[in-house]
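Reading through the structure tokens given below for one structure.
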Amino acid sequence: MLSPKQTLDTYFLEARRDLLEVAALLDRYDESVSREGHKAEDESKLESLREAMQLLAKPDHSKADRAKQLLAHFAKID
Amino acid sequence: MQIIQPHYHAIARTAQDYERMSMSGVVAVCEPAFWAGFDRRHPETFIDYFAQISEFEPTRAAEFGIRHFCWVAVNPKEAENVELTNEVLKQMPEFLDKPNCLGVGETGLHKSTANEIAALEAHVELAMKHDQLVLIHTPHLSDKAHGTKTVLEVLSGMNVNPDKIWIDHVEEETIEWVLGAGYWAGMTLYPVTKCSPRRAVDILEKYSTERLLVNSSADWGPSDPFTLQECIVEYRRRGHQVQEAVEIFHNNPCRFLGQNPKWDIKPIRITEE
């Protein structure tokens with residue numbers, strides 16, 4: 001199993017890439033809203049992503065079960 | 001659709017790449033000189049490398065119907081070896097005369113040290129003296145913004161023609177600086193460390209597609225030459241027409257590289273009957 005340092009060193013760049021993709025998606029949505037002049041009728045998916053990021057931003061997760069919590073969170077979206 | 005791979009390190013790839021690229025519409029690849037994964041110690045090693053990419057590699061590509069072009073340079077990671085850099089620079093004009101050599105590259109910056117900057121200036125001076133195109137590498141990750149600014153500062157102090165300079169590996173934070181200064185900008189699509197196909201399409205949609213080039217990643221590290229095709233699929237999936245894709249992924253490389261008369265592939269237009 002990996003040490004704490006190895007864990008960060010091994011997966012940091014992939015996590016960076018994935019967060020950049022999320023940032024780009026949010027930018028893409030804003031650009032689309034600006035271009036079309038209106039928001040999506042239902043923004044629940046956008047709101048779900050924002051809530052997920054808030055969950056990830058919390059520093060303390062004593063059970064180390066973020067993935068499990070996110071799956072339950074995303075299960076609310078059709 | 002006909003596609004050009006403007007930045008492809010063929011010596012690190014297998015013939016299967018060529019075969020699959022050919023099957024997917026790639027008609028030409030351009031191979032800049034790059035870092036071998038270790039610092040070379042002898043100028044002769046570079047000379048043999050330049051011979052490989054200017055003489056042998058075109059024959060390997062031709063077996064699959066793909067045109068192969070190259071660039072020559074000492075890459076920035078090895079520019080710390082000043083003696084080696086100067087010796088290789090002396091011998092580079094011989095290779096600039098090769099029938100498939102398009103110019104000087106990839107030069108540029110890695111950590112933006114004084115030796116790297118001196119080597120960049122020497123490469124650009126050589127290119128301008130021989131009326132060559134220049135391909136400039138910008139640093140990765142946390143060094144990118146600083147390194148790109150430094151490249152632009154170096155160039156601003158030199159007598160260069162921006163039309164003939166391609167600054168590569170731009171991302172969201174650096175593209176406006178490069179285009180704003182009048183240079184060509186290249187986006188490089190890596191699985192992890194640089195731009196992604198989706199983000200590249202965002203950039204294509206946000207900025208004018210003029211002076212923009214899109215490269216896949218193809219070297220000895222984690223990379224994938226078919227990120228270029230992924231990008232084309234993403235671009236088309238968003239509703240852009242085939243001709244618009246042709247302008248970016250075939251014609252733009254022709255416009256930039258065609259400034260060198262050795263590049264004889266012309267922009268194409270898809271006609272509908």
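All of the numbers you see were taken from the coordinates with simple rules; none came from a lab. Keep in mind that what you see is a predicted model, and the values were worked out from it rather than measured. Positions of Cβ are generated from backbone atoms using ideal geometry, with glycine treated the same way; all protein chains shown enter the neighbour counts.
Tell me which trypsin sites (Lys or Arg not before Pro) from chain A have a DSSP coil assignment and no more than 11 other beta carbons within 10 Å of their own. Qualifying residues, ordered by number: A:LYS63, A:LYS76. Take the alpha carbon gyration tensor of chain A, find the square roots of its eigenvalues, order them as a ≥ b ≥ c, and report rounded if a/c is under 1.5; if not, report prolate when a/b exceeds b/c, else oblate. Oblate, since a/c reaches 1.5 and b/c is not below a/b. The distance linking the stretch B:2-65 with the stretch A:1-40 is 33 Å (Cα centroid to Cα centroid, whole angstrom). Pairs of Cα atoms under 8 Å, at least six residues apart: use those to get the relative contact order of the stretch B:1-116, whole percent. Answer for the stretch B:1-116 is 27 percent. Counted without the sites themselves, the longest stretch of chain B free of trypsin sites (Lys or Arg not before Pro) in a DSSP loop having at most 11 other beta carbon atoms within 10 Å is B:42-268. Hydrodynamic estimate: the Kirkwood radius of the protein assembly as shown over Cα pairs, inserted into Stokes-Einstein at 4 °C and 1.567 mPa s, corresponds to D of 59 µm²/s.
Taking Cα centre as origin and charging only the Cβ of basic (Lys, Arg, +1) and acidic (Asp, Glu, -1) residues, the dipole magnitude of chain B rounds to 400 debye. Loop-resident GluC sites (Glu not before Pro) (DSSP state other than H, G, I, E or B) in chain A with no more than 16 further Cβ atoms inside 10 Å of their Cβ: A:GLU41, A:GLU43. Taking the centroid of alpha carbons for each part, the stretch A:59-78 and the stretch B:202-265 are 39 Å apart.
Estimated from helical segments only, the mean residue ellipticity of chain B at 222 nm is -11000 deg cm²/dmol, where each DSSP H run of four or more residues counts as -39500 (n - 2.57). Taking chymotrypsin sites (Phe, Trp or Tyr not before Pro) across the stretch B:15-69, the ones in a DSSP loop with at most 13 further Cβ atoms lying within 10 angstrom of their Cβ are B:PHE38.
The slack in the chain from A:LEU25 to A:LYS76, taken as 0.36 nm per residue of separation less the alpha-carbon distance, amounts to 16.3 nm.
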